[in-house]
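Report on one structure; see the data block that follows.
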Amino acid sequence: MARGVGPSDGKRRPITARELARMIGVSQSAVSRAFTPGASIAPELREKILKFAEEQDYHPNAIASMLSKSRTNIVGIVVSDMSNPFYPALIQKLSQGLQRIGLQSLLFNITKGSNIEEQLSALRRYNVDAVIVISATMLSGATLHWATEGRAAILINRVVDDADINCVCCDNVEGARAIADHFHELGRRRVAYVSGLSHTTTNLERQNAFITRVAELGMTLTGRVDAGEYSYDAGRRAALEIAAKNNTDAIFFANDILAIGGIDALREDSGRRVPEDISVAGFDDIPMASWPHYALTTFRQPLDEIVTVVVGMLEDGSCQPGQPSSIKRISGGLIVRQSTGPLE
């Protein structure tokens, strides 16, 4: 049987650094230094090792290297709601931004209904250089501090007042007020609001800003429904509850997936026309929002700008432990589509 070939599947087993060193006749540390930029090693020896490694199709074990060094170039990304289409889109852009500055991502998905502290304890066992938390789940300041202790840390899409942690998010107040202004310009005067997770700062900022602006414009808030979660089914239920009262001509849903469920419920179950009878708006501008069936008016989260700010903080070290924490709110933009229109 050939060296390094498994007996059952015929695939060649990757050789280790120790085996490569023995084959070349050098120390294992010499192999490690050859693959480490800036490490002390004679140029001729480095070239010899790299050439032989290429011939043997040898690649350094990144995980083993991570465990032996103080810096790993790996960023832990914590997310709690992968069912929300907004988060995969954000994670994709974020991981690409991190790769541009030589950092890789390690995803920690906090599953629904799990013990948050137990899930986050896994984060502390990995030697990551920084932690980015993308979460709509209620995480206390104490929990965040414990999970990110001693590491660079950034919270995206939420603000936690009782934690000394950097926060980067969309300007939720700007967005909610823009939705209210849009409804008013269309002649809508009886409006409702649907929240996802009612006690999160993201929702409270959108809710309070919308309700305040509605009052300033002399409009009537006909209802505020707590959907209990950011999901399609929750949006359907909330829309039907509002439609049953027959006193609303516009609904602002706290995010797009809620609004999409709401549109289907209004059209299919309550017999309402969107937007002729009820205008519908959401928040985020997920890809599905532009689908012709929904053509959802929404407030677009500036994902590219958010990622640029987050990556910049990691690159310049402003989010390192000991540095003053900051809250950065990034301006977004109202996207008007066919789910809103003048009152008929």
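The values are calculated or read from the model by the stated rules, or taken from the named source; none is laboratory data. The structure displayed is predicted, hence computed values, not measured ones. Positions of Cβ are backbone-derived with ideal geometry, glycine not excepted, and every protein chain shown enters the neighbour counts.
Beta carbons closer than 8 Å, at least 6 apart along the sequence or on distinct chains, pair a first residue in the stretch 34-60 that is on the phi > 0 side of the Ramachandran plot and in a loop (DSSP other than H, G, I, E, B) with a second that is modelled with pLDDT under 90 and surrounded by fewer than 14 Cβ atoms within 10 Å (Cβ to Cβ) for Asp57/Arg12; Asp57/Pro14. I'd like the full set of residues that are polar (S, T, N, Q) and either free of Cβ contacts under 8 Å to residues at least 60 places away in the same chain or in contact with a Lys or Arg (Cβ under 6 Å, 6 or more places away or on another chain) (or both), limited to the stretch 298-344. Once the filter is applied, which keeps residues that are polar (S, T, N, Q) and either free of Cβ contacts under 8 Å to residues at least 60 places away in the same chain or in contact with a Lys or Arg (Cβ under 6 Å, 6 or more places away or on another chain) (or both), the stretch 298-344 yields Thr298, Gln323. Going through the stretch 311-341 one residue at a time, which ones are surrounded by 14 or more Cβ atoms within 10 Å (Cβ to Cβ), hydroxyl-bearing (Ser, Thr, Tyr) and touching an Asp or Glu at 6+ places or on another chain (Cβ under 6 Å)? Selection gives Ser325 alone.
What number of residues in the stretch 182-216 are modelled with pLDDT of 95 or more, more than 16 Å from Asp256 (Cβ to Cβ) and either surrounded by fewer than 15 Cβ atoms within 10 Å (Cβ to Cβ) or among the aromatic types (Phe, Trp, Tyr) (or both)? Of the residues in the stretch 182-216, 7 are modelled with pLDDT of 95 or more, more than 16 Å from Asp256 (Cβ to Cβ) and either surrounded by fewer than 15 Cβ atoms within 10 Å (Cβ to Cβ) or among the aromatic types (Phe, Trp, Tyr) (or both). Taking the stretch 290-310 as the range and being buried (at least 24 other Cβ atoms within 10 Å of the Cβ) and touching a helix residue (DSSP H, G or I) at 6+ places or on another chain (Cβ under 6 Å) as the test, the residues that pass are Leu296, Thr298, Phe299. Of the set (1) modelled with pLDDT under 80; (2) outside any helix (DSSP H, G or I); (3) of a type in the set (Gly, Ala, Ser), all apply to Gly76 but (1).
Looking at Ala254, Ala289, Ala265, just one residue is among the hydrophobic types (A, V, I, L, M, F, W, C), in the same structural domain as Arg206 (by TED's automatic domain parsing) and closer than 19 Å to Ala209 by Cα, and that residue is Ala254. In the set (1) touching a Phe, Trp or Tyr at 6+ places or on another chain (Cβ under 8 Å); (2) assigned to a loop (DSSP other than H, G, I, E, B); (3) over 26 Å from Val214 (Cα atoms), the condition left unmet by Gln323 is number (1). Condition (residue is in contact with a Ser or Thr (Cβ under 6 Å, 6 or more places away or on another chain) and modelled with pLDDT under 90) applied to the stretch 6-15: is it met by at least one residue? No; the residues of the stretch 6-15 include none that is in contact with a Ser or Thr (Cβ under 6 Å, 6 or more places away or on another chain) and modelled with pLDDT under 90. Condition check for Tyr193 on (1) in contact with a Lys or Arg (Cβ under 9 Å, 6 or more places away or on another chain); (2) on the phi > 0 side of the Ramachandran plot: one failure, at (2). Here Asn109 fulfils each of the conditions (1) modelled with pLDDT of 70 or more; (2) more than 18 Å from the chain's Cα centre (by Cα) apart from (2).
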